[in-house]
Amino acid sequence: MTIFSLQTQAQSKVLVHHSYVMKLNRWSNTIYQSLELDERDGKISGNIDRDPFVGVRTEDTYLFTATATDKTTYTYRAKITSDGLLGTADFPDSNHPQVRVQHTFSANRIPDRISNVPHTHRYVPASYSNTFSPDRQPVLTIWSGDTVQTKTVDSGGVDEQGVTVALYGNPQTGPFYVADADVGDVLAIHIKSLRLNRDYADSLDMIVHKAQTTRLASRSTELGQTVRWNLDLKNGLASPDKTGEKLRNFKVPVKPMLGGLAVAPGNGMPAISTGDAGNFGGNMDFNEVVEGNTVYLTVNQPGALLYLGDAHALQGDGETSQYALETSMAVEFSVEVIKQKQISLPRVESPTHIMTLGQAGSLDEALKLATSGMTQWLAEDYGLNLSESAQVLGSSVEYRVVNLAGRSVGLAAKLDKRLLKNILIKLK
């Protein structure tokens, strides 16, 4: 998953703490786990995915046993290496609990945080990913509170200089390993700055099939041609480059956004295409993922593994032209880990609204997910029961069509925070 250096330390009466990412091989399937280990005077203790363990160190070997909440035990023997840990794990057979099975594992140490003061990192991408994967090498290790300044390329893999540097298909920058994020947490991504860094974008003269009637489809056979847009960076305007007389003076204010924002999917899931979306985020194409807003995603892997990309200078609701105004961008964001909190689907918060994003195979299903997600938010943060939530939604909810261009579609439920200020109980 990632490679971190480890300096082997002699046994000491001083408490030493190490954090690792474990890579467990179970019948040729990779499972990632977090390992927090304390060592003092030859004795060790800690947690593996929050299951406690105790054990001992003998020279360059750790031997320890973890106990799950159901009292099942798991025994690990690990050799301390220059890169981390390498060893075997004794597990109960998944089909025959009375039978014990040996699995191999490795563990890479997470570097110690130099300071608890939030740090600003500058990362210049050297490569890009066309999948949201837990197996890709992290490009940078960061912590809750840290800020990252980086860049994205457009959906075709073209950078700010107009050079193709990645494969088309929404290539993503990352992943960023958030050292204090673990499974069962929520990662808040605060979008601090989105800046256009070139003077053009590309789109299509297209109306997506999901938005076409049969009659409209019969009239649209010639659509799908590339449209180059000029970006007036000084005045913040976009206009078609080559157009007829009617659109000669057509100019629209830009609203830079990230079409792609995701964490890695959970164990047992394959790497997911950067064209897809789900509860992990992904190719959401939500035009509220903009500067000043915060996106909340549930953490499925140790370190979250945060990806971002598919920048748009502007996009109407639904991305009905199949491609929005695709361009490259300079991005600044910070992360915040919310410990042991569960959310069922992506959330977005602006200074004025809270929004839940449903993504599914149809708008009907996306509507149900977005509505359910909003009732969860109102229950958790505002203490509302279902009847009270129904009254708030029935009087005040807004629905936005988010994405019609992908294999899945997206729909957002949206509530004005000014109305929620009048709710008497707000939970922290």
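The values are calculated or read from the model by the stated rules, or taken from the named source; none is laboratory data. Quick caveat, the model's predicted, so the values are computed rather than measured. We place every Cβ from the backbone using ideal geometry, glycine too, and count neighbours over all the protein chains shown. The area values use the complete protein model at the heavy-atom level, side chains included, leaving out ligands, DNA and RNA. Shrake-Rupley method; radii C 1.70, N 1.55, O 1.52, S 1.80 Å.
Considering only the chain, what is the antiparallel percent among its DSSP beta bridges, to the nearest 5?
95
Placing unit charges on each Cβ (+1 for Lys and Arg, -1 for Asp and Glu) gives segment 204-317 a dipole about its Cα centre, and among Gly278, His312, Gln212 the Cα reaching farthest toward its positive end belongs to Gln212. Here each label is just a point 7 Å from Cα along the line to Cβ, and for Asp93 and Gln340 those points are 3.6 nm apart. The distance linking segment 58-73 with segment 388-422 is 47 Å (Cα centroid to Cα centroid, whole angstrom). Here the extension length gained between Tyr168 and Lys417 equals 85.8 nm, from 0.36 nm per residue of separation less the Cα-Cα distance. Values (1) -0.51, -0.65; (2) -0.25, -0.34; (3) -0.30, -0.40 are given for comparison; log10 I(q)/I(0) by the Debye sum over Cα atoms at q = 0.06, 0.07 Å⁻¹, derived from the coordinates here, is the one labelled (3). Computed with a 1.4 Å probe over protein heavy atoms only, the accessible area of Arg400 comes to about 40 Å².
Name the residue, out of Val124, Val148, Val337, whose mean-square fluctuation peaks in a Gaussian network model built on the chain with Cα pairs under 10 Å. It is Val124. Note on the chain: GNM, Cα springs under 10 Å; of Leu384, Leu15, Leu204, the largest mean-square fluctuation is that of Leu15.
Surface analysis of the chain yields an accessible area of 47 Å² per residue, using protein heavy atoms and a 1.4 Å probe.
Compute the long axis of helix 363-382 from its Cα atoms, compare it with the longest principal axis of the Cα atoms of the chain, and write down the angle in degrees, 0 to 90, nearest 10. Value to nearest ten degrees: 60. Taking Cα centre as origin and charging only the Cβ of basic (Lys, Arg, +1) and acidic (Asp, Glu, -1) residues, the dipole magnitude of the chain rounds to 360 debye.
Charged side chains reduced to their Cβ positions (Lys and Arg at +1, Asp and Glu at -1) give segment 121-207 a dipole of some 220 debye around its Cα centre.
Using a probe of 1.4 angstrom, how much of the accessible area of segment 228-362 is carbon and sulfur, in percent? Ligands and nucleic acids excluded, carbon and sulfur reach 51 percent. Remark: segment 342-348, residue by residue, has Karplus-estimated 3J(HN,Hα) of 10, 10, 8, 7, x, 10, 10 Hz, where x stands for each Gly or Pro and the curve is 6.51 cos²θ - 1.76 cosθ + 1.60 at θ = phi - 60°.
For the chain, what is the calculated [θ] at 222 nm in deg cm²/dmol (nearest 500), taking -39500 (n - 2.57) for each run of four or more DSSP H residues and dividing by its residue count? Before the final figure, lay out each step's value.
Numbers: 4 runs with 40 residues, N = 428.
The helix-only estimate for the chain comes to -2500 deg cm²/dmol at 222 nm.
Compared with the dominant Cα axis of the chain, that is its longest principal axis, helix 386-396 is turned about 30°.
Using a ≥ b ≥ c from the Cα gyration tensor of segment 90-129 (square roots of the eigenvalues), is it rounded, prolate or oblate, where a/c under 1.5 gives rounded and otherwise the larger of a/b and b/c decides, a/b for prolate? Since a/c reaches 1.5 and a/b is larger than b/c, the shape of segment 90-129 is classed as prolate. Dipole magnitude for segment 51-202: computed about the Cα centre from +1 point charges on Lys and Arg Cβ and -1 point charges on Asp and Glu Cβ, it is near 220 debye. Note on Asp112 and Leu393: with the Förster distance fixed at 56 Å, the Cβ-Cβ geometry gives a FRET efficiency of about 0.75. Round to a whole angstrom and tell me the spacing of the C-alpha centers of segment 303-356 and segment 106-142. First find each Cα centre; the distance between them is then 19 Å. When the charge dipole of segment 364-428 is built from unit charges on Cβ atoms (+1 for Lys and Arg, -1 for Asp and Glu) and taken about the Cα centre, the candidate among Ala370, Ala390, Val402 whose Cα reaches farthest toward its positive end is Val402. Under a Gaussian network description of the chain, with springs only between Cα atoms under 10 Å, the residue in Asn300, Asn235, Asn403 that fluctuates furthest is Asn235.
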